[in-house]
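Everything below concerns the one structure shown next.
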Amino acid sequence: MEEPTYLPGLIGMLEPFEDKPRAQNVLVAQDAHVVLFEFAAGQSLHEHQAHHAVIVQCLAGHLRFEVGGAEHDLRPGDLIHLPPKVPHAVHALADSTMTVTMLVAGER
């Protein structure tokens, strides 16, 4: 059985790069991987897709999430779930922190 993992203080843990968001794995477990992203206002992740189903959560700031021709404003506490291979993009409207949880259960 895997031990529980506690991750305090994710907001402000990273500094964005000057020209793009910074990302760092903060949890790699048997059933999920969590990546922390830190954006400066105006930075973006251009359209891409994830191999896995993902849950994206805004922890701080204000993000515009584009998927399927729709735009969703994500603010602290908001989340969105995407099935695998759905094209999407993220734009920071303010300095922002988000997590992406990749749901990888059953892949091993």
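Results, tabulated for the structure shown:
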{"quantity": "Enclosed volume per residue, in Å³, of the convex hull spanned by Cα atoms of the chain", "calculated": "98"}
{"quantity": "The stretch 27-68: C-alpha gyration tensor shape, a/c 1.5 cut-off, then a/b vs b/c", "calculated": "oblate"}
{"quantity": "Inter-label distance, nm, simple model (7 Å from Cα along the C-beta direction), Leu7/Ala70", "calculated": "2.6"}
{"quantity": "Cut-off 15 Å (backbone N to label point 7 Å along Cα→Cβ of Ala94), residues of the stretch 12-45", "calculated": "12, 39-43"}
{"quantity": "Whole-percent carbon and sulfur share, accessible surface of the stretch 1-67, 1.4 Å", "calculated": "51"}
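The values are calculated or read from the model by the stated rules, or taken from the named source; none is laboratory data. Note that this is a predicted model, so its numbers are computed, not measured. Glycine also receives a Cβ, built like all others from the backbone with ideal geometry; neighbour counts cover every protein chain displayed. Ligands, DNA and RNA are excluded from the accessible area calculation, which covers all protein heavy atoms including side chains. Shrake-Rupley method; radii C 1.70, N 1.55, O 1.52, S 1.80 Å.
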